[in-house]
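Below you'll find the structure, written out as structure tokens, and then a few comments.
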Amino acid sequence: MEDVKRMRELHRARFDAEPEVFAAPGRVNLIGEHTDYAEGFVMPVAIDFATLAAISPRDDGRVVMWAENYGEERSFDAAALPPERSGEWSDYPVGVLRMLAEAGVAIPASANSGLSLSLWGDVPLGSGLSSSASVEVATATAVVALVGATISGPELARLCQRAENEFVGANCGIMDQFISANGRANHALLLDCRDLSYRLAPIPENVALVIANTMVRHSIAGGEYGTRRAEVELACRILAGHRPEIRFLRDATVEDLARWGSEIPEAARKRARHIITENARTVAAADALERHDMKQLGELMREAHWSYSRDFEASCAEADRMVELAETLPGLIGARLTGGGFGGCTVNLVEQEQANGFKAALGKLYAQETGIEPEIYVCHASDGAHRVAP
Ligand code: GLA
């Protein structure tokens, strides 16, 4: 609430206008990694780190954006948004404005309209907790409300994903934007990335969500995410040559892989094995959570981590170590590397009463072994994008 108050004051002082404030969270994924663009299943949770977007109308035909985290302003003629990305923070909100305009949402763009937008967030950057998706979804939610349009949560997520794919130039799937737009407090969300249908499963009250940052920086704009995606798509094409109904790896089975896997180059075959088994694990994990079978959920998370590390080869020594250390500690239910991979954070489900001790012990052990001081956050499953009451 303090942050919201500060954002309001900051916006008022800067733009001399009373804003409406919207929040969109980052996320942690419990299970289902790199399965979203294979039209498979993911099970993320929205967390209590978020981007706040304060917005107010203008009457000079300009879009003026202020990024409090960078202390920088960008402004444009509302009717002539930048056509190309600049490689800066402003690409995310500009991409969203462009996609909204393409989708027919009339962003204020006449000589006597426009908008002022202030952005600030506390989602740790480059940590695999979806700071970018939270900026996109916060911006989209704020602009849609300003112009009085209606757009469903799933549609809003698609639009933000397109902003990232087509304008920012990162070839991500739908998971991050979807959970930021549609998450629910105290729940995990099982999403079918084929048709965007989803179910919410409550996280038991006696379970804490502990996120451990390896401090190894992760970036999905970096080459590795794209390489993995290309390998997944190659494996899919080869399998589809035998069974045309395989449109995405979502449609493939371990039997398909056993039968035709020898035709797939080794690396791509391993990536495919991760995706196919991960889809099955994710659905099983949602079932386990729904029946409160935390032991089973923890076991699936553990399998998922090693599949991500060994078959998908998207972990790093530090993340593997963070998971192994967590497994030596009392209270752990399940731990794995979360997000796009190659660094970032592990997600740990921990018995609530052990959470503080777990946090302290994990931090100490990791620092001793790697020489890196980690950041560890005890988080709460939070609501997706929403307007923050004045
Ligand atoms: C990043 C992408 C998501 C998803 C994950 C991996 O977070 O933005 O779409 O592919 O990596 O599960």
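The values are calculated or read from the model by the stated rules, or taken from the named source; none is laboratory data. What you see is a predicted model, and the numbers here were worked out from it, not measured in a lab. With ideal geometry, Cβ positions are generated from the backbone for all residues, glycine too; neighbour counts draw on all protein chains shown.
Overview of results
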item: Residue within the stretch 12-35 that is in contact (Cβ under 8 Å) with a residue 24 or more places away in the chain and assigned to a helix (DSSP H, G or I) present; result: yes
item: Yes/no for A285 being assigned to a helix (DSSP H, G or I), touching a helix residue (DSSP H, G or I) at 6+ places or on another chain (Cβ under 9 Å), surrounded by 18 or more Cβ atoms within 10 Å (Cβ to Cβ) and small (G, A, S); result: yes
item: Within the stretch 141-169, considering residues that are among the β-branched types (V, I, T) and away from the ligand (no atom under 15 Å from the Cβ), the one surrounded by the fewest Cβ atoms within 10 Å (Cβ to Cβ); result: T150
item: Residue within the stretch 7-28 that is surrounded by fewer than 19 Cβ atoms within 10 Å (Cβ to Cβ), modelled with pLDDT of 95 or more, within 22 Å of I376 (Cα to Cα) and under 26 Å from the mean Cα position of the chain (by Cα) present; result: no
item: Selection count where residues are under 18 Å from F342 (Cα atoms) and not small (G, A, S), scope the stretch 276-315; result: 11
item: Verdict on C172 being at pLDDT 95 or above, within 15 Å of the ligand (Cβ to nearest atom) and assigned to a loop (DSSP other than H, G, I, E, B); result: yes
item: Out of G334, G344, sole residue that is under 26 Å from M175 (Cβ atoms) and within 16 Å of the ligand (Cβ to nearest atom); result: G344
item: Residue in the stretch 49-68 that is aliphatic (A, V, I, L, M), in a loop (DSSP other than H, G, I, E, B) and under 19 Å from E164 (Cβ atoms) present; result: no
item: Qualifying residue in the stretch 212-220 (condition: closer than 30 Å to V350 by Cβ, among the small types (G, A, S) and modelled with pLDDT under 95); result: yes
item: Residue, nearest to the ligand (Cβ to nearest atom), within the stretch 122-140, restricted to residues that are touching a helix residue (DSSP H, G or I) at 6+ places or on another chain (Cβ under 6 Å) and outside any helix (DSSP H, G or I); result: S130
item: Condition met for S110 (within 14 Å of the ligand (Cβ to nearest atom), over 27 Å from E9 (Cα atoms) and either modelled with pLDDT of 95 or more or part of a loop (DSSP other than H, G, I, E, B) (or both)); result: no
item: Filtered residues of the stretch 200-226 (kept if hydrophobic (A, V, I, L, M, F, W, C) and either within 11 Å of the ligand (Cβ to nearest atom) or in a loop (DSSP other than H, G, I, E, B) (or both)); result: I203, M215, V216, I220, A221
item: Unmet requirement for S197, which otherwise passes all of (1) within 15 Å of the ligand (Cβ to nearest atom); (2) over 17 Å from the mean Cα position of the chain (by Cα); result: (1)
item: Cβ-Cβ under 8 Å pairs, at least 6 apart or on other chains, the stretch 355-380 side within 11 Å of I211 (Cβ to Cβ) and among the basic types (K, R), far side at pLDDT 95 or above and not in a helix (DSSP H, G or I); result: K359/V210; K359/I376; K359/V378
